[in-house]
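K.L.:
Input: one structure, supplied below.
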Amino acid sequence: MHKPREAPTRCAAMPTETRHHVSGPLELAIALAWAAGAVDAFVFQNVTPVFVANMSGNLIRFGIATGTTSTQSMMIDLLALVCFVVGTFAATVYVDHQLGRSRTMSARPVLAMEATLLVAMSLAIASAHDGYRPDPTAATFLIVALGATAMGLQAVALRRVGKVAVSTTYGTGALVRFGEKAALGMRRAERDHGVERRRTMAVIAAVLAAYVIGAAIVAALPAATWVMLIPTAVIGACAVFDASGRRPLPSA
């Protein structure tokens, strides 16, 4: 009687999914969140009412557009969603390739690519865009595609500050975690790891505040292309001066 064939086991040297969550310093997370809020605000206020970083808003917009059969709105929202996923896919493939080759990984190349896409986005705004348009044009589709892909790259470029999970491109999940930590802290519930809840809440609050402040500052500035150079320069500086450099592969 033959023994049943055992399922193949994953090689111990292969990285697990949690190891793809790139970690970096809080300063980097704050800078990236600030830039994401700034880009989101500029596009939404000066190009077309679509988010290139906050995909939760686009999902609702897509649902509303579908219900009201607004074809152009459906298309631009869907484009933003698809391009964001493409950016996360590309960044994850790169990180996985790094982990497969060595026990270190760096966000610098991903952030450099993001900065490059934002430069291309700024050039498209300067050369082909003629002001805010609720109804998207061909130039609008190009601008949103470049911005959403760039933000998708950023979403993977930094996933943790130490052991604290963060997101530099959206805030809904962060608000849920902040409320959860506050409630569990008040009830003095047991913790399953060594990170203090106050530390987690402080990190989440700092990243969320940076995102909102970035949006507020850009919203107060003139509707000029040069404004986009500010978040682009911030991302470029993050790529060049990321103090964490090549980080050791975290434990599973």
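The values are calculated or read from the model by the stated rules, or taken from the named source; none is laboratory data. Treat the numbers as computed from the prediction; the structure is a model and nothing was measured. Methodologically, a virtual Cβ is constructed for each residue, glycine included, from the backbone with ideal geometry; neighbour enumeration extends over all protein chains shown.
K.L.:
Show the residue pairs that are 6+ apart or on different chains and have beta-carbon atoms under 9 Å apart, the first residue being within the range 120-138 and closer than 14 Å to Thr71 by Cα and without any contact (Cβ under 8 Å) to a residue 60 or more places away in the chain, the second being of a type in the set (Val, Ile, Thr) and buried (at least 19 other Cβ atoms within 10 Å of the Cβ).
P.N.:
Qualifying pairs under 9 Å: Thr137/Thr48.
K.L.:
When you check Gly87 against the structure, is it surrounded by 14 or more Cβ atoms within 10 Å (Cβ to Cβ), within 22 Å of Asp40 (Cα to Cα), in contact (Cβ under 8 Å) with a residue 40 or more places away in the chain and not polar (S, T, N, Q), yes or no?
P.N.:
Yes; evaluated as a whole, the condition is true for this residue.
K.L.:
Considering each residue of the range 32-62, count those that are small (Gly, Ala, Ser), modelled with pLDDT of 95 or more and either over 12 Å from the mean Cα position of the chain (by Cα) or closer than 15 Å to Phe141 by Cβ (or both), and give that number.
P.N.:
Within the range 32-62, residues that are small (Gly, Ala, Ser), modelled with pLDDT of 95 or more and either over 12 Å from the mean Cα position of the chain (by Cα) or closer than 15 Å to Phe141 by Cβ (or both) number 2.
K.L.:
Being aliphatic (A, V, I, L, M) and at pLDDT below 90 is the filter here, so list the residues in the range 66-107 that pass it.
P.N.:
Listed by number, the residues that qualify are Val95, Leu99, Met105, Ala107.
K.L.:
Restricting the range 14-31 to residues that are touching a Ser or Thr at 6+ places or on another chain (Cβ under 7 Å) and not in a helix (DSSP H, G or I), which is modelled with the highest pLDDT?
P.N.:
Pro25
K.L.:
Continuing with this model, one more query. For the range 81-119, what are the residues that are in contact with a Leu (Cβ under 7 Å, 6 or more places away or on another chain) and farther than 29 Å from Ser70 by Cβ?
P.N.:
Residues satisfying the conditions are Ala90, Ala91, Leu99, Arg103, Thr104, Met105, Ala107, Val110, Met113, Glu114.
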